[in-house]
Each structure stands twice: as C-alpha cells, then as structure tokens.
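Notes follow once the structure below has been shown.
Since every read-out is calculated from the coordinates, none of them should be taken as a lab result. As the structure is a prediction and not an experimental result, all values here were calculated from the model.
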C-alpha cells in the first residue's frame, strides 16, 4: 500500500496533513475490505471441499 506523505510547508499544512491522513485511512479501509473478502472466499472454498470429502467418505444410509 502506498502512503501519501504531507510536508508542512505552507499555511495549509494542517489541512494537507489531514487530507493525507484521510486518504491513507480510506486506502487502508479499502485494502482491509479486499483482504477480508479474499479470506471469506477462501473459507467458503474450504468449507465446500470439506463437505464434498465428508459426503464421499460417509457410510451409506440404512
């Protein structure tokens, strides 16, 4: 993730730093959501695999 840097070089330096912080927070939130979605997808894949294997190895019903 690239981080936006703010250098306090003008009267608006506090506003610039605030804007940079906001941008970084939004990037972090977006990356976190993406990572969570990837983990959720992988968990669903594994759950399906486990269910398929259990179905193959379960004894036949009486």
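Annotations for the structure displayed:
- Values (i) 6.8; (ii) 5.5; (iii) 5.2 are given for comparison; mean projected area of the Cα convex hull in nm², derived from the coordinates here, is the one labelled (ii).
- Relative to the longest principal axis of the Cα atoms of the chain, helix 13-57 runs at roughly 10 degrees.
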